[in-house]
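All of the numbers you see were taken from the coordinates with simple rules; none came from a lab. As the structure is a prediction and not an experimental result, all values here were calculated from the model. Here the Cβ positions follow ideal geometry from the backbone for every residue, glycine too, while neighbour counts run over all protein chains shown.
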Amino acid sequence: MSYPQPRTPEEGLADAKRLLSLPRIVAICGSTRFMAEMAEADLRETRDGRIVVKPGCDLKSPHALWSDPAEAEALKARLDELHRAKIRLADEVLVVGDYIGDSTRAEIAYARSLGKPLRFTHPEVDPGA
């Protein structure tokens, strides 16, 4: 008697998204210095029928939620983990901007480790090209 192969959580998620007939999900990555460009990419991806997830906080811009440096550092760690979850959820990743810093480089490496297809608004900055 043969048993079905164990399913990974990722395969289960992909099956659920297919069963729900969800549109493709795109995770936008990039330096928060490109928040305006990310918003524009969000508009274009949404217009093209994709669900978009992207950074929701720009810690480089002043805000009461991260005015305390110790709280800001803890928040950054939580936001990094949240963004990795967005990448796991996504079907593909769109990297925005003409600069790749350490955080974005780590996000790209993480997406590639998961086998996620990547697109770049500026392909010349792709660290894997």
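Kindly check whether there is at least one residue in the stretch 27-44 that is among the β-branched types (Val, Ile, Thr) and touching a residue at least 24 places away in the same chain (Cβ under 8 Å). Looking through the stretch 27-44, at least one residue is among the β-branched types (Val, Ile, Thr) and touching a residue at least 24 places away in the same chain (Cβ under 8 Å).
Checking the structure you have, find out if any residue of the stretch 70-82 is touching a residue at least 60 places away in the same chain (Cβ under 8 Å), over 10 Å from the mean Cα position of the chain (by Cα) and farther than 24 Å from Leu13 by Cβ. Working first, answer last.
Of the stretch 70-82, the ones touching a residue at least 60 places away in the same chain (Cβ under 8 Å) are none.
No, the stretch 70-82 contains no residue that is touching a residue at least 60 places away in the same chain (Cβ under 8 Å), over 10 Å from the mean Cα position of the chain (by Cα) and farther than 24 Å from Leu13 by Cβ.
Any chance you could count how many residues in the stretch 70-129 are under 15 Å from Asp58 (Cα atoms) and among the hydroxyl-bearing types (Ser, Thr, Tyr)? Total satisfying the criteria: 2. Against the list (1) of a type in the set (D, E, K, R); (2) touching a residue at least 60 places away in the same chain (Cβ under 8 Å); (3) within 24 Å of Arg18 (Cβ to Cβ), the condition Arg112 fails is (2).
Does Glu10 qualify as being loosely packed, with under 13 Cβ neighbours inside 10 Å, in a helix (DSSP H, G or I) and in contact (Cβ under 8 Å) with a residue 40 or more places away in the chain? Yes: the conditions hold for Glu10.
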